[in-house]
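K.L.:
Quick one: structure below, then a few questions.
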Amino acid sequence: MSNYIINTTKKYIENYNKSIAEPEKFWSDLAKNNFSWYERWSKVLEWDFKKAKIEWFKHAKLNITVNCIDRHAKSNPKRTAIIFEPNNSNEKQKSFTYLELLKEVSKTANILKTMGVKKGDRVCIYLPMIPELAFSVLACARIGAIHSVVFAGFSSEALATRINDCESNVIITSDGSFRGDKIINLKSIVDNAISRCSSPQKVLLIKRTNQKVNIIPKRDILYDEIKSKVSDECKPEIMDAEDPLFILYTSGSTGKPKGMVHTCAGYMVYASYTFKNIFQYETNDIYWCTADIGWITGHSYIIYGPLCNGATTLMFEGIPSYPNYSRFWQIIEKYKVNQFYTAPTAIRAIAKQGNKFLNGYDLTSLKVLGTVGEPINIEAWDWYYKNVGNSRCPIVDTWWQTETGGIMISSIPNVIPDKPTFATKPFLGIQPIILSESGDEIFEYEKVGKLCISFPWPSMARTIWGDHNRYINTYYSTFKNKYFTGDGAYKDKLGNIRITGRVDDVVIVSGHNLGTAPIEDAINEHNLVAESAIVGYPHEIKGNALYGFITLNTENFDENILMKQINEIISKRIGPIAKLQKIQFTKALPKTRSGKIMRRILRKVAARDIGDLGDISTLLNPNVVKEIIANSQ
Ligand code: PRX
């Protein structure tokens, strides 16, 4: 147990040093003593960044659901595992004990088996934030199927792309989803997606909204009907440490989304260890992460990390503004939430409404606050600290990525002090390094460079599904022998790390990663569009918003109609989250002599930072910059 709980600065320093000096011994001791294995490993770590080959706990055998459920169902069967708070505060909430969770997961696992799902098969999950989403994820893990959860805000085309990419043949969905006062018909989105799928599909349909939906006999299986026919016991599949556990798609700066592959053992150990310490979770605490399980935050810190620690994890179906902006505080008061983990974009949206929605709620149960997904600005940090935490709760600003599987850089309450807007220090075993363009380490304080990681950690993604070369090229080829994060960062005098944002063509809008190239590809499909360039610019609530510079192949067009059509195409191809906030039609785009669009200039124009545009002498058409500035919004 000794190095599992890090609750003093001394323990952190001692164990961090051990984790760097003898990583294999460190992780081996930790894994041995705190998890349940069928067989131990023959080797702790084997790695080669050049080939992007990473293996942890080689040849070990386990099932992650035994660690997340069975062992707690045995020792504490009545402990609450999941609390479900519905979208509508008038609807009754539900809770599931660890024993109940075991039965629900086993039933869902048996249903999947009757549908023909076997170890290694991919199962696509397209569900709202209902308990069945957690059951489905864990059911896949139980039988060794690889889950691919697709955020239920993605369009049918985006869903189809993800289904086709991993060649899954089973989709778990629901009739619909409640989001604030809206009902979204998920089943019709799935039906539409299936019409674009290259292989036959089966659908497991869960009832949520009770809308009338189209049922295709034999293809669509009704969860409620089949559930009563299957056993509530399901033997866990014995998995190899390096068998894939799940695929989760994330946007790349170019091309189609990348299916990041996470494997069983390393992911389990790291997600679990970080959860316990970064949130300083203690038995019987009520922990709430507001993310959607469609993102990595939900995978690691709603499901796997908390459950592995026998925690009580709250799942919220709704949105912060419904029925009004008090919803989060009402939930914290109702359940006496102890740890609250959310995104800066949510904090900004709520803070903008003023304090009237917060006043009167009892938030004294809170011990730790957290943020994730994007840099937090000082105003939002202050507001969160003073008003939500009553200047009492430490804030963990957790930096990590879909690719990293778990939190990499963060303060630890009462162990590593927080510093507003800084992610601060690496977690145990993490070796961050900030490099210059030429690959030299930057030692100067406050000088921004590229954030890399120089040594493997257990929960790192192992590959991109179906495209290992892309995995090598994206993460391991920019700097020799380093994992490149795609983020910029700098250090202060005390070694605290501040993340400055993406350094590639990924823009983070309301905490969602969006590659600009796929959006441009979608827009360019419009028959009047000649070319487009999308850039991000700072936005008060969303952190960043998208600005599109578009050239047309006609001079006859109705600007308003065209703007609407362009955003409709984006919604259809990717989803409403990728819509452009601003669109500027322009005669030309600034290009270098080799024909490359100079996005640097467009970024400055969009950010209204046109004082110094840098060297534009290499532009083929410098005059176009004046026109773009004159017409900018
Ligand atoms: O740019 C960083 C930003 O989010 C990116 C990863 O996005 P995604 O894979 O969707 O995972 C989000 C949830 C882990 C990073 O490359 N990011 C994430 N957390 C922070 C952050 N930027 C600044 N501060 C953070 N705490």
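Quick note: the coordinates plus some simple rules give every number you see, no bench work behind them. Just so you know, these numbers come straight off a predicted model, no measurement behind them. Note: ideal-geometry Cβ built from the backbone for every residue, glycine included; neighbour counts use all protein chains shown.
K.L.:
Select from segment 340-404 those trypsin sites (Lys or Arg not before Pro) which occupy a DSSP coil region and have at most 15 other Cβ atoms within 10 Å, ordered by residue number.
P.N.:
Filter output for segment 340-404: Lys352, Arg392.
K.L.:
In nm, to one decimal, how far is the Lys92 label point from the Lys25 one, both placed 7 Å along Cα→Cβ?
P.N.:
5.6 nm
K.L.:
Using a 7 Å offset from Cα along Cα-Cβ at Lys227, what residues in segment 111-146 end up with backbone N under 17 Å from the label point?
P.N.:
Label zone hits: 111-115, 126-140.
K.L.:
Something else: Starting from the Cα-Cα distance between Glu441 and Asn390, subtract it from 0.36 nm times their residue separation and give me the gain in nm to one decimal.
P.N.:
14.4 nm
K.L.:
Among DSSP bridges having both ends in segment 509-631, what percentage is antiparallel? Round to the nearest 5.
P.N.:
Approximately 75 percent, going by the DSSP bridge assignments.
K.L.:
Find the centroid of the Cα atoms in segment 584-633 and in segment 105-120, then give the distance between the two in whole Å.
P.N.:
55 Å
K.L.:
I need the P(r) histogram for segment 363-416: all alpha carbon pairs, bin width 5 Å from 0 out to the longest distance, whole percents.
P.N.:
For segment 363-416, the binned pair fractions read 5, 19, 27, 24, 16, 7, 2 percent.
K.L.:
Identify, among Ala533, Gly439, Phe427, the residue whose Cα sits farthest towards the positive end of the charge dipole of the chain, taking +1 on the Cβ of Lys and Arg and -1 on the Cβ of Asp and Glu, with the dipole about the Cα centre.
P.N.:
Result: Phe427.
K.L.:
Report the antiparallel proportion of the DSSP beta bridges in the chain as a percent, rounded to a multiple of 5.
P.N.:
60 percent
K.L.:
Using the Cα centre as the reference, give the magnitude of the dipole from point charges on the C-beta atoms of segment 379-477 (Lys, Arg: +1; Asp, Glu: -1; all else neutral), rounded to the nearest 20 debye.
P.N.:
Magnitude of the dipole: close to 320 debye.
K.L.:
If I model a spin label as a point 7 Å beyond the Cα along the Cα-Cβ vector, how far apart are those points for Val448 and Tyr322 in nm?
P.N.:
3.7 nm
K.L.:
Could you tell me the relative contact order of segment 228-315? Use alpha-carbon pairs under 8 Å, at least six residues apart, and round to a whole percent.
P.N.:
Computed value for segment 228-315: 23 percent relative contact order.
K.L.:
Can you count the Lys pairs in segment 116-270 with C-alpha separation below 21 Å, eight or more apart or on different chains?
P.N.:
26
K.L.:
Still on this structure, I have one more. Take the Cβ-Cβ distance between Ser199 and Ser571 as r, set R0 to 22 Å, and report the resulting FRET efficiency rounded to the nearest 0.05.
P.N.:
Efficiency for this residue pair is about 0.25.
K.L.:
How would you classify segment 65-237 from its alpha-carbon gyration tensor, with a ≥ b ≥ c the square roots of the eigenvalues: rounded for a/c under 1.5, else prolate if a/b is greater than b/c, otherwise oblate?
P.N.:
In terms of gyration-tensor shape, oblate.
K.L.:
Under 26 Å between C-alpha atoms is the cut-off here; go through segment 551-633 and count lysine pairs that meet it, provided they're at least eight residues apart or on different chains.
P.N.:
Total qualifying Lys-Lys pairs in segment 551-633 comes to 22.
K.L.:
Multiply the residue gap between Asp382 and His468 by 0.36 nm, knock off their C-alpha separation, and tell me the result in nm, one decimal place.
P.N.:
Result: 26.7 nm gained on full extension.
K.L.:
Let me ask something additional. Does segment 509-631 classify as rounded, prolate or oblate by the C-alpha gyration tensor (a ≥ b ≥ c root eigenvalues; a/c under 1.5 gives rounded; else a/b over b/c gives prolate, otherwise oblate)?
P.N.:
Because a/c hits 1.5 or more and a/b fails to exceed b/c, segment 509-631 counts as oblate.
K.L.:
Tell me the Kirkwood radius of segment 520-581: reciprocal of the mean inverse pair distance over distinct alpha-carbon atoms, in Å.
P.N.:
Details: mean 1/r = 0.0828 Å⁻¹.
Its Kirkwood hydrodynamic radius stands at 12.1 Å.
K.L.:
A follow-up question, please. Strictly greater than 17 Å: what percent of every Cα pair in segment 1-58 meets that?
P.N.:
The calculated P(r) of segment 1-58 puts 48 percent of pairs beyond 17 Å.
K.L.:
Run through every distinct alpha carbon pair of segment 16-161 and return the Kirkwood hydrodynamic radius in angstroms, one decimal place.
P.N.:
Values: mean 1/r = 0.0557 Å⁻¹.
Computed over Cα pairs of segment 16-161, the Kirkwood hydrodynamic radius comes out at 17.9 Å.
K.L.:
Sticking with this one: May I ask you to compute the full-extension gain from Asp615 to Glu525, defined as 0.36 nm times their residue separation minus their alpha-carbon distance, rounded to one decimal in nm?
P.N.:
29.2 nm
K.L.:
A further question on this structure: Determine the relative contact order of segment 283-340: mean sequence separation of Cα pairs under 8 Å and six or more apart, normalised by residue count, in whole percent.
P.N.:
On the way: 64 pairs, mean separation 26.6, N = 58.
Relative CO of segment 283-340 lands at 46 percent.
K.L.:
If the only charges are +1 at each Lys and Arg Cβ and -1 at each Asp and Glu Cβ, what is the size of the charge dipole of the chain around the Cα centre, to the nearest 20 debye? Numbers along the way, then the final one.
P.N.:
On the way: 79 positive and 65 negative charges, 144 e Å.
So the magnitude is around 700 debye.
K.L.:
Using DSSP to define loop residues, name the chymotrypsin sites (Phe, Trp or Tyr not before Pro) in segment 527-628 whose beta-carbon has at most 16 other beta-carbon atoms within 10 Å.
P.N.:
Phe557
K.L.:
Kindly identify segment 207-299 as rounded, prolate or oblate by the Cα gyration tensor criterion: order the square roots of the eigenvalues as a ≥ b ≥ c, call it rounded if a/c is under 1.5, otherwise compare a/b with b/c, prolate if a/b is larger, else oblate.
P.N.:
prolate
K.L.:
At 25 °C and a viscosity of 0.890 mPa s, what translational diffusion coefficient does Stokes-Einstein give for the chain, taking Rh as the Kirkwood radius over Cα pairs? Give it in µm²/s as a whole number. Mind dumping the intermediate values first?
P.N.:
Values: Rh = 25.3 Å.
The estimated diffusion coefficient comes to 97 µm²/s.
K.L.:
State the answer as a single residue: which of Gly120, Ile206, Leu159 lies farthest towards the positive end of the charge dipole of segment 65-237, with beta carbon charges of +1 for Lys and Arg and -1 for Asp and Glu, about the Cα centre.
P.N.:
Projecting each Cα onto the dipole axis, the largest value belongs to Gly120.
K.L.:
Let me have the relative contact order for the chain, percent, based on Cα pairs under 8 Å that are six or more residues apart.
P.N.:
12 percent
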